[in-house]
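Participant: Mind having a look at this structure? Questions to follow.
The values are calculated or read from the model by the stated rules, or taken from the named source; none is laboratory data. All figures in this text were calculated on a predicted structure; none of them were measured in a lab. We place every Cβ from the backbone using ideal geometry, glycine too, and count neighbours over all the protein chains shown. SASA here: full protein model, heavy atoms, side chains in, ligands and nucleic acids out. Shrake-Rupley method; radii C 1.70, N 1.55, O 1.52, S 1.80 Å.
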Amino acid sequence: MSDAVRVEPDERHDLLARLAPGGAENFITEAFCWLLDRTGFGEFLLERLTDQGCTVRLTGDGWRWRTQETASDGSAKRPDMVGESADESRGLIFEHKVSAKLGNCQLAAYRKFGESKFGIGNFAIILITKSKSQWGQCPDCALLWQQVYEWLSTWLDDGGARDTVDEFATRSFLHLLEKRGLGPMTPITLEELQDIPVQLSVQRQARSRVDALVKRIRSLTDSAADSHVWREMVGVTEQSLPRGKSWGRCGFYLRGHNDAVD
């Protein structure tokens, strides 16, 4: 990655971050495509992709950038973004991920799309994600949004923006990436590191107490003289979650009241 200085956004560049919807994946793609097509950053990106080992010849002016393009026969899924040389002989097919993972055989479908549109060996598949854990299915080049952020910052520092409109749009996009956690990693302070064991201990204590409470409720349910009343009143719901996901709330609720149960 480059040693570009982090661009500090201010309130003037908050427009895209405010407009972006919750998921923001498609919004980020559209904003990124606009930058590539309108600001001249596209040429800089092509140079960086070549440095990353992209084997497709990316030289030449007049590259065009589009989103949500479909194959002529309608058989392929829609790539997030496609870059195409002026003579339409070479291309780049982009898949962008923020938090989601790749779909089953998703890049294989894009490879078929590339072969039908550009021919074998005349295109490359570029995968851009939030983390390396989302990499898979053998793209020709895998990047992090953090790298895109740093390249944009370097481009700005080198005077790549042609006018104030280019600079404003680029800084707004950088601000959007930061707001979505796709910019530079925030350094962890010594105090935060020291606080980790305390936080883990609190989590373990909370889990232990919740488990004990659930067992107590079940015990009362099973041993109550009129157990069906308890079962009508007390609801305990368990649901397994995918690995890496969790909820931040636990609730116990009473569904009614009966004088027979005190």
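Participant: One residue is enough: does segment 169-176 have a residue meeting the conditions assigned to a helix (DSSP H, G or I), closer than 30 Å to Leu107 by Cα and at pLDDT 95 or above?
Facilitator: No.
Participant: Can you tell me how many residues within segment 35-56 are within 14 Å of Ser85 (Cα to Cα) and touching a Ser or Thr at 6+ places or on another chain (Cβ under 8 Å)?
Facilitator: Residues in segment 35-56 being within 14 Å of Ser85 (Cα to Cα) and touching a Ser or Thr at 6+ places or on another chain (Cβ under 8 Å): 1 in total.
Participant: Any chance segment 227-250 includes a residue that's closer than 23 Å to Arg48 by Cα and either modelled with pLDDT of 70 or more or touching a helix residue (DSSP H, G or I) at 6+ places or on another chain (Cβ under 9 Å) (or both)? Please lay out each step first, then the result.
Facilitator: Of segment 227-250, the ones closer than 23 Å to Arg48 by Cα are none.
Scanning segment 227-250, I find no residue that is closer than 23 Å to Arg48 by Cα and either modelled with pLDDT of 70 or more or touching a helix residue (DSSP H, G or I) at 6+ places or on another chain (Cβ under 9 Å) (or both), so the answer is no.
A quick yes/no check of all residues on (1) of a type outside the set (D, E, K, R); (2) touching a Phe, Trp or Tyr at 6+ places or on another chain (Cβ under 8 Å); (3) assigned to a loop (DSSP other than H, G, I, E, B):
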| position | (1), (2), (3) |
| --- | --- |
| Ala86 | yes, yes, yes |
| Ser89 | yes, yes, yes |
| Ala100 | yes, no, yes |
| Lys117 | no, yes, no |
| Ile125 | yes, yes, no |
| Val148 | yes, yes, no |
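Participant: Next up: Among the residues of segment 170-185, which ones are surrounded by fewer than 20 Cβ atoms within 10 Å (Cβ to Cβ) and over 17 Å from the mean Cα position of the chain (by Cα)?
Facilitator: None - no residue of segment 170-185 is surrounded by fewer than 20 Cβ atoms within 10 Å (Cβ to Cβ) and over 17 Å from the mean Cα position of the chain (by Cα), so the list stays empty.
Participant: When only residues in segment 74-114 that are touching a strand residue (DSSP E or B) at 6+ places or on another chain (Cβ under 8 Å) and among the charged types (D, E, K, R) count, which is most open to solvent (accessible area, probe 1.4 Å)?
Facilitator: In this case the residue turns out to be Arg111.
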